[in-house]
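Here is the structure we will look at.
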Amino acid sequence: MSILATITRASEGKVTWNGTDLAADPNALRTVLGYLPQDFGVYPNLNSQEFLEYLAAVKGLDATTSRRRIDQLLSLVNLADVSKRPLGGFSGGMKQRVGIAQALLNDPQLLIVDEPTAGLDPEERVRFRNLLSDLSGERIVILSTHIVSDVEATATDIALISNGALVAHAAPEELLRRIEGRVWEWVVPSADLNAVKQCYRISNTVRRSDGVHVRVLAQDAPPGAIAVPPTLEDAYLDALSLYRTGTAA
């Protein structure tokens with residue numbers, strides 16, 4: 001993500017924006033870029049209004065424009081009522097919303113957010129996902145995450161990456177279609193669970209009164225298993241497994 005944001009120079013390959021090689025001309029993207037890194041730091045003694053005014057000055061925005069823009073953004077991220085509170089007293093989710101506000105100061109055409117919901121409680125995560133979904137209607141949003149529910153809620157185009165290699169690139173519906181008919185739910189006794197894990201790819205297990213409900217990824221149904229609709233988590237695990245074993249299409 002830092003390579004895409006022109007912070008780190010790529011050791012190989014090339015990133016272009018509207019045909020311009022960003023290694024040769026990073027400013028071609030920087031003027032229209034908004035970036036929220038995974039570890040977003042704040043000045044704890046500043047309030048959100050002061051912090052955003054400082055970053056607006058760093059971005060070269062004039063005072064009149066930035067003041068109007070900051071008021072709009074604080075309302076957008078639902079922080080207008082606490083804009084005078086020091087950032088040191090903000091929760092993790094509130095700081096992330098300040099991070100989104102600073103990334104939007106220059107009304108970017110491209111918004112890059114790196115692991116934005118890591119460490120957030122469920123309520124903050126839902127609020128943040130909804131905000132990203134709303135923002136995507138006006139600009140390109142690139143989201144990096146390991147949380148599948150974030151992808152399910154926001155993504156219209158998914159790239160799966162393993163050790164720097166592109167494993168799959170498709171719409172969510174296409175990734176689900178690829179695994180259709182190969183996801184099964186199988187109820188097994190707890191004593192048999194380890195043996196089942198040795199023989200099948202397992203995406204999830206849930207213990208219930210009748211045994212362990214095992215979600216199995218397999219070409220053919222295990223004895224007594226029933227077919228269930230695939231999820232993006234199933235598709236993700238299947239694609240990575242096929243890639244690592246060298247059997248991906």
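The values are calculated or read from the model by the stated rules, or taken from the named source; none is laboratory data. Treat the numbers as computed from the prediction; the structure is a model and nothing was measured. Positions of Cβ are generated from backbone atoms using ideal geometry, with glycine treated the same way; all protein chains shown enter the neighbour counts.
Key figures for this structure:
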{"quantity": "Residue in the range 125-137 that is among the β-branched types (Val, Ile, Thr) and either within 10 Å of the chain's Cα centre (by Cα) or at pLDDT 90 or above (or both) present", "calculated": "no"}
{"quantity": "Residues satisfying the stated conditions in the range 152-170, i.e. more than 22 Å from ARG244 (Cα to Cα) and buried (at least 17 other Cβ atoms within 10 Å of the Cβ)", "calculated": "THR154, ALA155"}
{"quantity": "Qualifying residue in the range 32-41 (condition: in contact (Cβ under 8 Å) with a residue 60 or more places away in the chain, among the aliphatic types (A, V, I, L, M) and in contact with a helix residue (DSSP H, G or I) (Cβ under 7 Å, 6 or more places away or on another chain))", "calculated": "yes"}
{"quantity": "Lone qualifier among SER2, SER48 - being closer than 19 Å to VAL82 by Cα and either surrounded by 12 or more Cβ atoms within 10 Å (Cβ to Cβ) or outside the structural domain of ASN78 (by TED's automatic domain parsing) (or both)", "calculated": "SER48"}
{"quantity": "2 or more residues without any contact (Cβ under 8 Å) to a residue 24 or more places away in the chain, hydrophobic (A, V, I, L, M, F, W, C) and in the same structural domain as GLN38 (by TED's automatic domain parsing): qualifying helices (runs of 4 or more DSSP H) within the range 142-249", "calculated": "none"}
{"quantity": "Residue match in the range 8-26 (condition: surrounded by 13 or more Cβ atoms within 10 Å (Cβ to Cβ), within 20 Å of LEU105 (Cβ to Cβ) and among the aliphatic types (A, V, I, L, M))", "calculated": "no"}
{"quantity": "Count - residues of the range 214-231 that are of a type outside the set (Lys, Arg), farther than 11 Å from GLU180 by Cα and either surrounded by 17 or more Cβ atoms within 10 Å (Cβ to Cβ) or touching a Cys at 6+ places or on another chain (Cβ under 8 Å) (or both)", "calculated": "3"}
{"quantity": "Hits in the range 90-122 - residues which are part of a helix (DSSP H, G or I) and in contact (Cβ under 8 Å) with a residue 12 or more places away in the chain", "calculated": "GLY92, GLY93, MET94, LYS95, GLN96, ARG97, VAL98, GLY99, ILE100, ALA101, GLN102, ALA103"}
{"quantity": "Hits in the range 46-69 (condition: touching a residue at least 12 places away in the same chain (Cβ under 8 Å), in a helix (DSSP H, G or I), over 16 Å from LYS95 (Cβ atoms) and not acidic (Asp, Glu))", "calculated": "ALA56, SER66, ARG67, ARG69"}
{"quantity": "Lone qualifier among GLU185, GLU173 - being exposed (fewer than 12 other Cβ atoms within 10 Å of the Cβ) and either small (Gly, Ala, Ser) or at pLDDT 95 or above (or both)", "calculated": "GLU173"}
